[in-house]
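Accompanying notes for the structure given below.
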Amino acid sequence: MSQQASPRGTFLQIAEVVKAQIQADPQMAQLPAAGDLMRDHGVSRGVVLRAFKELQADGVAEPVRGGRWRVVRHGEEVDRRPLEERIADIIAAEGFKVGTKFLSASNLMGRFKVSRPTVTKALDKLEAAGVLASEGQGKVRTVRTVPNREERS
């Protein structure tokens, strides 16, 4: 970006650059990291966050709790249920049995593209609901009950 750019419209210019990237790459699922945009455009975090909000207002992106901003494509279906519900679906869908070791937080972070604290919070909710049990210091989680999908609908 030019050093002579107007600071008042910089966030709009960044939003346009990101929109162009989204249109050019149909596989793009997340917005670039805020730090990358700050570095590439020589702006503050606040300017980047305003650009993200502009993209949200245009219906191009949406924030992901505990993760980076997600690209929104028209006609694409996104599961917006709470993470603990989506994790509980894995137990039933992948045939986990009572007493078997459940997936690690790292595995779930990769599957759902969210941060470790977000996964940990969801797993804690499933423990409180009696779906999972944790053992020992390393928090090895095991399946306590297999949720019935129809019950939670």
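The values are calculated or read from the model by the stated rules, or taken from the named source; none is laboratory data. Remember, it's a predicted structure, so these values are computed and weren't measured experimentally. Using ideal geometry, Cβ is built from the backbone for each residue, glycine included, and neighbour counts are taken over all protein chains shown. What goes into the accessible areas is simple: the full protein's heavy atoms, side chains included, and nothing from ligands, DNA or RNA. Shrake-Rupley method; radii C 1.70, N 1.55, O 1.52, S 1.80 Å.
From the largest down, the range 40-134 spans 51, 30, 21 angstrom on the principal axes of its Cα atoms. Full extension of the segment from E135 to N148, taken as 0.36 nm per residue of separation minus the current Cα-Cα distance, would add 2.3 nm. Assuming charge only on the beta carbon of Lys and Arg (+1) and of Asp and Glu (-1), the dipole of the chain about its Cα centre is about 420 debye to the nearest 20.
Round to the nearest 10 and give me the degree value, 0 to 90, for the angle of helix 45-57's Cα axis relative to the longest principal axis of the chain. Tilt of helix 45-57: around 80 degrees.
Rounded to the nearest 0.05, what FRET efficiency is calculated for V72 and T120 with R0 set to 25 Å and r the Cβ-Cβ distance? Display every interim value, and only then the final one.
Details: r = 27 Å, r/R0 = 1.07.
Efficiency, rounded to the nearest 0.05: 0.40.
If only the Cβ of Lys and Arg carry +1 and only the Cβ of Asp and Glu carry -1, the dipole of the range 101-144 around its Cα centre is close to 160 debye. Counting only protein heavy atoms and using a 1.4 Å probe, the accessible area of F102 comes to about 10 Å².
Rounded if a/c is under 1.5, else prolate if a/b is larger than b/c, else oblate: which is the range 20-88, with a ≥ b ≥ c the root eigenvalues of its Cα gyration tensor? Show your work: numbers first, answer last.
Working: a/c = 2.17, a/b = 1.53, b/c = 1.42.
Prolate.
Dipole orientation for the chain: of the candidates A57, V98, V17, V98 has the Cα lying most toward the positive pole (charges on Cβ; Lys, Arg +1; Asp, Glu -1). I want to check a number: in the chain, how many lysine pairs have alpha carbons closer than 18 Å, given a sequence separation of 8 or more or different chains? Qualifying lysine pairs in the chain: 6.
So how tilted is helix 116-128 from the main axis of the chain? Cα-based, degrees 0 to 90, rounded to 10. For helix 116-128, the angle is close to 30 degrees. So how tilted is helix 10-24 from the main axis of the chain? Cα-based, degrees 0 to 90, rounded to 10. So the helix axis and the longest Cα principal axis differ by about 60 degrees.
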